[in-house]
Amino acid sequence: MRYTTVYIILLSLLAGCTQKTEPEIVADSIFFNGPIYTMDASNSKAEAIAIRADTFLYVGSKAEAEAFKGTSTKMVDLNGKTMIPGLTEGHAHIMGVGYNLLNVDLREAKSYQEMVEMVAERAANTPNGTWILGRGWHQDKWTEKPEMTKGFPTHDLLSEAIPNHPVWLKHASGHAALGNAMAMEVAGIDGGSVQPDGGEIFMGLSGQPTGIFNETAQGLITQVIPSQTKESDEQALKLALQQCFKYGITGFHQAGSGMKDINLFKEFAERGDLKLRLFVMLNGRDEDLLDTYFKNGIEEDLFNNQLTVRSVKLYADGALGSRGAWLLEEYADAPGVHGHNVMPMKEIESITADAYKAGFQVCVHAIGDRANREVLDIYERTFNLYPESAPKEPRFRIEHAQHFHPDDIPRFAEMGVIPAMQAIHMSSDRPWAIDRLGQQRIEWGAYMWQTLLQSGAHIVNGTDAPVEPITPLASFYASVSRRTLSGNPEGGYEPGEKMTREQALRSYTLDAAYAAFREDRKGSIEVGKWADLTILDKDIMTIPEEEILQTEVDMTVIGGEIVYKR
């Protein structure tokens, strides 16, 4: 009996010697066995990462990562898949993304006839008199062109096919729209309607409206369209969030919101349904909204770092496709036309000064070279006039920043102005943009990514969704190839302006974080930063260029939580 007792004691001691002690700091999860691109200049690639709560605990070798492995640690084998920092959509419209899924999505229409058929199909299942809304058509992308007025279709075919519903179809750019006869009747638009400032009701030879409403003229129709309901807003936001997570997006720069949408974002965030790190620009056309925020100050990292409101969105001009972009010289394909100044420049300058003094970032939509110059001039005057109000780094932005006079390109880096550029616009627009601008202006001032980067500017990438599909990898492909999504032309348009793959990834991660004042907490995989990451089934940093568009998002993680898994 005595020997049995001793034997049992020895076995217990041996078992205790072999039992591993729990580490002092235990990781919630460890990811390993795949290339990990960190965007950390001092440690650009890693074998493994460890996450604890919502931050990166360790980044480095697998052997050292295992020092944080405890009994509760989840080991995630990448099986050769590629990890990158969580992608940030640098300029898009989140409610528009959702509503584009609820309304008629016209982006795939290859002709006016096909677009009308898509709308007629929706009308067949919609009660008479109910508004039918859609978005995404672009006449320059149609393979079959109808007879057009001023480069746009007329409402006749649409009105004939859908006579019993008011129809409003926004152009892909969002800067023009087509209404049918019933929509114009409801709004009281006819040949005698007064043209608005900053926009145009297109009129035909008969003196009657063609159905096209450009820039501010759209408000004549939208003011009579019934408001969206709270239920539809919630549904749209849910759908948009699902899309973001599916495509690897962990952060989102929301390009203009009113109080209604901001309150909805707060409701979602408060109950833990937002998850996305949303960086919101205030709608600069809403005077009461600006007064409230300028008085109360910025809102930063609310609801466990889900929501920040600290910027103002303004509009200097329109879009190139609708000839609304404001140019120094006339359009090559429209003599005498220079585009539109949408919001009076004096008003933009006044709001810019107020925002600057209140500590808010200013983000102005400017596409044409005249618009970009005017905005840069306003920023320069503001910085010089109010030095006592200067934030440490205002990081003012120009949204789109597509076409410049060469003299204005160095001014971005010199003043610390951030160009928020959507590379996918080059891919989609370059085949016809040359008609608008001509060869010389294209070559010396359009989509000047590498020139801007070499001057020291930070570029923020994105898609401007729902103008383009919210797919970062398509914009990444455009950044490094300067081709259309069908692969044309061989070698790319103006190839000297291509980004390297590292530059393109940085524009979607670390520089996007910089533009939102959060490069200290996100944008790279580093110890202490938020554990936001995107996992891809291919290595986009090494695969052949043509395979980038075939790459799928395998997993999206925000703050250590898996929000999407393929």
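Inside the range 123-164, can you point out the residues that are in contact with a Leu (Cβ under 7 Å, 6 or more places away or on another chain) and either assigned to a helix (DSSP H, G or I) or open to solvent by 70 Å² or more (accessible area, probe 1.4 Å) (or both)?
Leu158
Would you check which residues across the range 49-72 are aliphatic (A, V, I, L, M) and farther than 20 Å from Ile540 by Cβ and list them?
Residues satisfying the conditions are Ala50, Ile51, Ala53, Leu57, Ala63, Ala65, Ala67.
Do any strands (runs of 3 or more DSSP E) entirely within the range 20-122 hold 2 or more residues that are β-branched (Val, Ile, Thr) and open to solvent by less than 20 Å² (accessible area, probe 1.4 Å), and if so, which?
29-37, 45-52, 82-85
Going through Leu385, Leu376 one at a time, which residue ends up being open to solvent by 10 Å² or more (accessible area, probe 1.4 Å) and aliphatic (A, V, I, L, M)?
Just a single option satisfies the conditions, and that option is Leu385.
Out of all the residues in the range 452-487, which are assigned to a loop (DSSP other than H, G, I, E, B) and free of Cβ contacts under 8 Å to residues at least 40 places away in the same chain?
The answer is Ser486, and nothing else.
If we keep just the residues of the range 312-343 that are without any contact (Cβ under 8 Å) to a residue 60 or more places away in the chain and over 20 Å from Val467 (Cα atoms), which is most open to solvent (accessible area, probe 1.4 Å)?
Pro335
Can you say whether Gly204 is under 26 Å from the mean Cα position of the chain (by Cα) and small (Gly, Ala, Ser), as far as the supplied structure shows?
no
So, in the range 543-563, of the ones that are in contact (Cβ under 8 Å) with a residue 40 or more places away in the chain and open to solvent by 50 Å² or more (accessible area, probe 1.4 Å), which residue ends up farthest from Val460 (Cα to Cα)?
Glu561
Read through the list (1) surrounded by fewer than 16 Cβ atoms within 10 Å (Cβ to Cβ); (2) touching a residue at least 24 places away in the same chain (Cβ under 8 Å); (3) of a type outside the set (S, T, N, Q), then give the number of the only condition that Glu231 fails.
All conditions are met except number (2).
Among residues belonging to the range 406-437 that are in a helix (DSSP H, G or I) and among the β-branched types (Val, Ile, Thr), point out the one that is most open to solvent (accessible area, probe 1.4 Å).
Ranking the candidates gives Ile434 first.
Scan the strands (runs of 3 or more DSSP E) fully inside the range 248-342 and keep the ones with 3 or more residues being of a type in the set (A, V, I, L, M) and in contact with a strand residue (DSSP E or B) (Cβ under 8 Å, 6 or more places away or on another chain).
Correct list: 277-283, 307-315.
What about Gln243, is it polar (S, T, N, Q), within 27 Å of Val362 (Cα to Cα) and either open to solvent by less than 10 Å² (accessible area, probe 1.4 Å) or modelled with pLDDT of 95 or more (or both)?
For Gln243, the condition - polar (S, T, N, Q), within 27 Å of Val362 (Cα to Cα) and either open to solvent by less than 10 Å² (accessible area, probe 1.4 Å) or modelled with pLDDT of 95 or more (or both) - is not met.
Which residue out of Val104, Val76 is over 23 Å from the mean Cα position of the chain (by Cα) and farther than 26 Å from Ala401 by Cα?
Details: Val104 fails: over 23 Å from the mean Cα position of the chain (by Cα).
Exactly one of Val104, Val76 is over 23 Å from the mean Cα position of the chain (by Cα) and farther than 26 Å from Ala401 by Cα, namely Val76.
Go over the candidates Lys260, Lys238 one by one and state the one that is at pLDDT 95 or above, under 30 Å from Phe476 (Cα atoms), over 15 Å from the mean Cα position of the chain (by Cα) and of a type outside the set (S, T, N, Q).
Being at pLDDT 95 or above, under 30 Å from Phe476 (Cα atoms), over 15 Å from the mean Cα position of the chain (by Cα) and of a type outside the set (S, T, N, Q) holds for just one of Lys260, Lys238, which is Lys238.
Please work out which residue is surrounded by the most Cβ atoms within 10 Å (Cβ to Cβ), limiting yourself to the range 497-541 and to residues that are among the polar types (S, T, N, Q) and part of a helix (DSSP H, G or I).
By that ranking, first place goes to Ser507.
Kindly indicate whether Thr352 is polar (S, T, N, Q) and open to solvent by less than 10 Å² (accessible area, probe 1.4 Å).
In short, yes.
For Thr556, only one of the following conditions fails: (1) in a strand (DSSP E or B); (2) out of contact with any Gly (no Cβ under 6 Å at 6 or more places or on another chain). What is its number?
Failing condition for Thr556: (2).
Quickly run through the range 438-451 and pick out the residues that are in contact with a Leu (Cβ under 9 Å, 6 or more places away or on another chain) and assigned to a helix (DSSP H, G or I).
Within the range 438-451, the first condition is being in contact with a Leu (Cβ under 9 Å, 6 or more places away or on another chain), and the residues that meet it are 441, 445-446.
Once the filter is applied, which keeps residues that are in contact with a Leu (Cβ under 9 Å, 6 or more places away or on another chain) and assigned to a helix (DSSP H, G or I), the range 438-451 yields Arg441, Gly445.
Regarding Ala217, is this residue buried (at least 19 other Cβ atoms within 10 Å of the Cβ), without any contact (Cβ under 8 Å) to a residue 24 or more places away in the chain and out of contact with any helix residue (DSSP H, G or I) (no Cβ under 6 Å at 6 or more places or on another chain)?
Yes; evaluated as a whole, the condition is true for this residue.
Which residue pairs have Cβ atoms closer than 6 Å, lie 6 or more positions apart in sequence or on different chains, and pair a first residue in the range 87-108 that is of a type in the set (D, E, K, R) with a second residue that is surrounded by 22 or more Cβ atoms within 10 Å (Cβ to Cβ) and outside any helix (DSSP H, G or I)?
Taking only residues 6 or more apart or on different chains, the pairs are Glu89/Ile249; Glu89/Phe252; Glu89/Gly462; Asp105/Gly136; Arg107/Gly136.
The values are calculated or read from the model by the stated rules, or taken from the named source; none is laboratory data. As the structure is a prediction and not an experimental result, all values here were calculated from the model. Quick reminder, even Gly has a Cβ in these numbers, built from the backbone with ideal geometry, and neighbours come from all protein chains shown. Note: areas computed on protein heavy atoms with side chains; ligands, DNA, RNA excluded. Shrake-Rupley method; radii C 1.70, N 1.55, O 1.52, S 1.80 Å.
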